[in-house]
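The values are calculated or read from the model by the stated rules, or taken from the named source; none is laboratory data. Everything quoted here is computed from the prediction, not taken from an experiment. A quick note on method: Cβ atoms are made from the backbone with ideal geometry, for glycine too, and the neighbour counts reach across all protein chains shown. Surface accessibility is based on the protein's heavy atoms, side chains included, excluding ligands, DNA and RNA. Shrake-Rupley method; radii C 1.70, N 1.55, O 1.52, S 1.80 Å.
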Amino acid sequence: MEDDYYMSGNSEDEEDSYSSGREEESLDGLESKDSDAQLVSSKTPSCKVITRESLLAAQREDLGRVMDLFSVREQHARTLLIHYRWDVEKLIAVYVEKGKSCIFAEAGVTLAEFVDLDPDESTSTVMCHICIDDVPAKDVTLMDCGHCFCNSCWTEHFIVKINEGQSKRMRCMAHKCNAICDEAIVRRLVSPRHPDLAEKFDRFLLESYIEDNKMVKWCPSTPHCGNAIRVENDELCEVECSCGMQFCFSCVSEAHSPCSCLMWKLWSKKCRDESETVNWITVHTKPCPKCHKPVEKNGGCNLVSCICGQAFCWLCGGATGRDHTWSHIANHSCGRYKEDGEKKAERAKRDLYRYMHYHNRYKAHTDSFRQESRLRETIKEKVSHLEARDFKLREFSWVTNGLYRLFRSRRALSYSYPFAFYMFGDDLFKDEMTEKQREIKQHLFEDQQQQLESNVEKLSKFLEEPFDEYPEEQVMQIRMHVINLSVVIDCLCKKMYDCIENELLGSLEFTIHSIAPYHSNGIEKAEELTIGWTAQTSSNNKCLKEADRSNGHVAEVDQASTSGTSDESLEFSRKRPRKETSTDDALFDLNLPADAH
């Protein structure tokens with residue numbers, strides 16, 4: 001066995017640290033359906049799963065912060081948050097900078113201290129300025145902004161807006177009025193005639209927490225699991241839903257690091273469409289000068305005939321007659337060199353071969369991953385056999401840790417080929433590097449890629465061996481190899497990502513490409529959201545209120561109401577039957593893109 005996997009510079013300290021830290025883990029991950037199949041991380045999870053049950057609570061947590069800060073009702077807090085896309089920190093920052101009256105005006109929030117919502121019934125009729133009819137005073141509704149119209153006009157206005165999908169920000173009907181209509185009034189007027197639309201209105205308000213929030217996105221699983229994921233810090237990350245779906249939070253496609261989102265989008269399209277078929281046609285066929293259909297030559301003679309009956313010269317593509325000898329076509333000569341045509345064909349052939357080079361290696365690693373995924377059951381059996389034998393070594397978590405390291409590194413390796421295809425091609429960064437710079441950076445990256453590939457293959461070889469049948473001394477040797485290779489592969493992955501982020505993408509001047517960072521423990525699995533509005537939040541809001549008073553802003557106190565949506569009336573439109581996760585897929589559903597091709 002060669003020792004070139006020590007080339008990454010791992011020391012005995014690294015090895016001891018790895019073995020002492022990892023061997024404390026058990027095999028529960030292999031036996032539990034709900035295991036995340038990842039090494040345990042002591043870091044607090046930065047992403048949360050929002051289920052049907054926790055969505056309303058998550059929304060009300062942010063609503064509560066804004067209601068407490070501005071002393072407004074729930075509907076006004078929701079209007080503010082929808083306007084600022086549920087970014088509470090941004091809302092607070094704008095509040096501190098511009099003041100309360102400014103942000104209220106921009107969001108369409110009108111706080112009326114002395115608004116009589118029940119007009120005096122002694123007045124016989126009131127003229128509605130929309131339908132120009134005189135209607136009884138009891139049949140008109142006055143909004144906070146002071147505009148009053150008949151209930152019939154309000155109802156039709158609300159119905160149209162809900163059907164158009166604009167129910168989250170329904171403005172007053174008055175000309176140039178920016179005020180958002182009262183949610184309670186919308187429900188009161190729409191429910192008697194169209195209870196389904198009132199329910200739809202509540203659902204839109206609830207789901208705005210996901211649809212309008214850049215830090216919350218639906219899980220893209222198919223069929224949809226009904227969950228959403230909320231990240232706490234950086235939206236450029238990869239996450240795993242509780243249903244097992246792993247995806248890029250930024251573009252909501254399958255996890256594709258170290259490819260940037262744009263690279264992966266282009267690569268997926270290139271693999272799906274017929275662009276490479278077109279390249280093959282360009283290289284191996286020529287168009288008929290009459291019907292323009294592609295014609296492939298199946299003989300040695302350079303005078304070919306299309307199915308439409310047109311004869312043409314294979315060398316230049318020009319139409320000819322049918323009279324010819326073995327060396328000459330009557331009245332036709334094309335011996336003069338035409339540079340453009342030759343260059344075009346040569347470039348198409350070069351691009352096709354380049355694409356095939358990267359795609360073949362990308363596909364080979366995805367196929368290897370698919371084959372290696374079957375090791376799970378084999379590994380469980382091997383560990384069971386080892387535990388049944390009378391060995392001094394009674395701890396075998398190094399096997400599962402090595403297996404998970406193999407999966408993570410194999411996936412990173414497979415996606416590194418689409419990255420290299422675009423990084424060193426002419427599609428995206430043609431003007432970013434000179435040919436000399438491109439060559440140097442390509443060699444640097446390919447050297448690191450080759451080191452990682454070599455050690456990944458060695459780790460795969462050791463894990464596939466029937467080591468459960470070996471004597472104890474040989475099992476100990478394999479154990480050391482697996483532990484060492486796991487440490488080395490982790491270091492090589494970190495170095496490759498560091499090279500991509502700093503030496504390659506970090507040096508770009510005209511374009512910005514970012515990738516999800518590398519984590520030794522793999523893609524983070526989101527945990528169930530637990531709602532708890534901390535005392536620190538309340539303290540921060542109190543400090544902001546005091547600062548607001550010191551700056552001279554006057555706070556209009558509007559008593560909070562319970563006019564928000566109720567738990568019983570909500571229907572979660574995105575909720576579909578949860579996909580049953582089999583034991584075989586629970587641990588290793590890494591959603592490699594080859595499954596879609």
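Tabulated data for the structure shown
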| item | result |
| --- | --- |
| Residues of segment 401-411 classified as open to solvent by less than 10 Å² (accessible area, probe 1.4 Å) and out of contact with any Ser or Thr (no Cβ under 7 Å at 6 or more places or on another chain), total | 3 |
| Yes/no for Glu113 being surrounded by fewer than 15 Cβ atoms within 10 Å (Cβ to Cβ) and either at pLDDT 90 or above or not charged (D, E, K, R) (or both) | no |
| Scan of segment 382-399 for residues that are open to solvent by less than 10 Å² (accessible area, probe 1.4 Å) and in a helix (DSSP H, G or I), ordered by number | Val383, Leu386, Ser397, Trp398, Val399 |
| Residue within segment 207-218 that is under 14 Å from Leu55 (Cα atoms) and open to solvent by 50 Å² or more (accessible area, probe 1.4 Å) present | yes |
| Candidates Ser260, Ser268 - the one that is over 22 Å from Trp86 (Cβ atoms) and crowded, with 22+ Cβ neighbours inside 10 Å | Ser260 |
| Residue list for segment 232-257, filter: modelled with pLDDT of 90 or more, of a type in the set (A, V, I, L, M) and surrounded by fewer than 21 Cβ atoms within 10 Å (Cβ to Cβ) | Val252 |
| In segment 362-381, the residues that are among the small types (Gly, Ala, Ser) and either outside any helix (DSSP H, G or I) or without any contact (Cβ under 8 Å) to a residue 40 or more places away in the chain (or both) | Ala364, Ser373 |
| Whichever residue in segment 413-443 is farther than 19 Å from Lys461 by Cβ and of a type in the set (A, V, I, L, M) and, among such residues, is farthest from the chain's Cα centre (by Cα) | Ile440 |
| Inter-residue pairs, beta-carbon under 6 Å, first small (Gly, Ala, Ser) and in segment 122-151, second open to solvent by 30 Å² or more (accessible area, probe 1.4 Å), 6+ apart | Ala137/Pro119; Ala137/Glu121; Ala137/Thr123; Ala137/Val126 |
| Residue match in segment 329-336 (condition: over 26 Å from Tyr422 (Cβ atoms), at pLDDT below 75 and crowded, with 16+ Cβ neighbours inside 10 Å) | yes |
| Filter pass, Phe421 being part of a loop (DSSP other than H, G, I, E, B) and open to solvent by less than 30 Å² (accessible area, probe 1.4 Å) | no |
| Boolean, Ile92 is under 23 Å from the mean Cα position of the chain (by Cα), assigned to a helix (DSSP H, G or I), modelled with pLDDT of 50 or more and of a type in the set (Val, Ile, Thr) | no |
| Every residue from segment 424-470 that is part of a helix (DSSP H, G or I), under 30 Å from Thr400 (Cβ atoms), open to solvent by 10 Å² or more (accessible area, probe 1.4 Å) and not hydroxyl-bearing (Ser, Thr, Tyr) | Gln448, Gln449, Gln450, Gln451, Glu453, Glu457, Lys458, Lys461, Phe462, Glu464, Asp468, Glu469 |
